[in-house]
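First up is the structure itself, then whatever we jot down about it.
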Amino acid sequence: MRAMVIREHGEIDSITYEPAWPDPVAGAGEVILKVKVCALNYHDLFTLRGMPGIKVPMPIIMGIDTAGEIAELGPEVEDWSVGDRVVIDPIDREKLKLQGEMMDGGLAEYIKVQAHQLIRIPDAVSYEQAAALPVAYGTAYRTMVTIGKVAAGEKVLILGASGGVGTCCVQLAKLAGAFVIAAASTEEKIQKLLDLGADECINYTDQDFMRVIHAGYGKPRALGESGGIDMVINFTGGETWLPSLKCLTRGGRLVTCGATAGYDPKEDIRYIWTFELNIIGANGWTRDDLHALLKLVEDGKLLPSIEETVSLEDTRDAFQLLDERKVFGKIGIVP
Ligand SMILES: NC(=O)c1ccc[n+]([C@@H]2O[C@H](COP(=O)([O-])OP(=O)(O)OC[C@H]3O[C@@H](n4cnc5c(N)ncnc54)[C@H](OP(=O)(O)O)[C@@H]3O)[C@@H](O)[C@H]2O)c1
């Protein structure tokens, strides 16, 4: 089969196109999918470059989020048929391994998965939409809804709102009835975020987002009526961390699920106690989160933002766009 393979960690040119990679073979309880769409995530860039503490078996086919058609059933697989439309839950919850990181992923014509990872795609949901969901939208659901418990009337600031996790956070916060302030780096992304439903946007390339929040919603105060906003979604980390804390009203919450720009930012714990802040982590997704998301898409309440798809051979170009922050929402690879 055709596949994009890495043999060692490195930059984007380490991803090589293999026109005749061995086809996967289904063992007991396993299924082979013909890949229709594999959606990229920022996590794929971390996998490519290597992450401390994670040993990736080489060579490997990356690509975590995959939707496809069942091409072959291994022995002992029940309840599924060749031709079924499915999206995979990329976590093998028995082996506790992530597809595209510890096992071959979807940047190929075919992928082997455990049957228990399969989720049926409803007729009203496309392969592109389904492939956009698990990692980014699943984590956004957990961050915003399951753990973040966003509520109607709350003022929520979302940093990195234009990306995979971000576009879903914007939509879920709007669905919950929150007032959404979305922050992004270009005017083009800002316009798309307004189209997606954001109530207000901040271009943090030329504006200090903390000052914009203070100017619009007041500064937090330890006593009496407090200014500031209720919730910040911050999966960027780095230099955005401290100003994010300073945006929050007394008792406000900062929910994090990542650290694109740095995981060990400067901290100032005085803000945490003075304003009785809640710093909350969210990690990954559950099967229930994914079913809830598919239902929202099926009902037309959530529109996964896949702006662009490219062919398997052009995978490196897609990684480049992701690395240069030029993707709005998700980018998909179509083998
Ligand atoms: N814990 C989990 O289970 C989990 C699951 C999914 C994702 N994550 C993490 O969440 C983060 C976002 O993932 P994603 O897939 O949504 O990424 P993405 O699609 O690339 O979006 C990230 C957005 O963050 C903004 N950004 C700000 N500073 C950046 C920087 N230094 N480098 C790159 N982008 C920057 C960019 O928008 P602007 O250009 O507009 O600023 C970009 O669009 C990543 O750190 C990822 O590892 C964690």
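What follows draws every value from the coordinates through simple rules; no lab data is involved. What you see is a predicted model; the values in this text were computed from it and never measured. Every residue, glycine among them, receives a Cβ derived from its backbone with ideal geometry; neighbour counts consider all protein chains shown.
Brief remarks on what is shown
- Only one residue of Thr309, Met103, Ala152 has its Cα farthest out toward the positive end of the dipole of the chain, where Lys and Arg carry +1 and Asp and Glu -1 on Cβ, and that residue is Ala152.
- Scanning residues 5 or more positions from Met62 or on other chains, those with amide H under 5 Å from its amide H are Ile6, Gly105, Leu107, with H placed 1.01 Å from N in the peptide plane.
- Unsatisfied cross-links (Cα-Cα over 25 Å) in the set Lys97/Lys301; Lys95/Lys295; Lys155/Lys219: Lys97/Lys301; Lys95/Lys295
- Of the GluC sites (Glu not before Pro) found in region 13-107, the ones in coil according to DSSP and having at most 12 other Cβ atoms within 10 Å of their Cβ are Glu76, Glu78, Glu94.
- Put the Cα centre of region 135-162 next to the Cα centre of region 1-80 and the gap is 29 Å.
- For region 233-335, the dipole from Cβ point charges (+1 on Lys and Arg, -1 on Asp and Glu) about the Cα centre works out to 500 debye, to the nearest 20.
- ³J(HN,Hα), Karplus 6.51/-1.76/1.60, whole Hz, each residue of region 258-264, x for Gly, Pro: x, 8, 3, 9, x, 9, 10
- Nearby aspartates and glutamates by direct alpha-carbon distance to Lys192 (threshold 20 angstrom, same-chain neighbours under 8 apart not counted): Glu128, Glu200, Asp206, Glu307, Glu308, Asp323, Glu324
- Between region 267-335 and region 204-232, the Cα center-to-center distance that results, in Å: 25
- Helix 287-298 axis, angle to the chain major axis (alpha carbon atoms, nearest 10°): 90
- DSSP-loop trypsin sites (Lys or Arg not before Pro) across region 244-335, with at most 16 other Cβ within 10 angstrom: Lys266, Lys301, Arg325, Lys326
- Cβ-Cβ FRET estimate between Glu18 and Glu187, R0 fixed at 45 Å, reported to 0.05: 0.65
- Fluctuation leader among Thr256, Thr205, Thr146 - the chain, Gaussian network, Cα springs under 10 angstrom: Thr205
- Note on the chain: antiparallel DSSP beta bridges, both residues inside, total approximately 55 percent of the bridges counted.
- Magnitude of the charge dipole, region 31-107, Cβ model with Lys/Arg +1 and Asp/Glu -1, debye to 20: 420
- Contact order for the chain, expressed relative to its length and based on alpha carbon pairs under 8 Å spaced 6+ residues apart, stands at 17 percent.
- Candidate lysines for bridging to Lys266, where Cα separation is under 16 Å - those fewer than 8 sequence places away on the same chain excluded: Lys246
- Cα-centre dipole for the chain with unit charges at Cβ (Lys and Arg positive, Asp and Glu negative), debye to 20: 1200
- Residues in region 188-215 reached by a label modelled at Arg49 [backbone nitrogen below 20 Å; 7 Å Cα→Cβ]: 205
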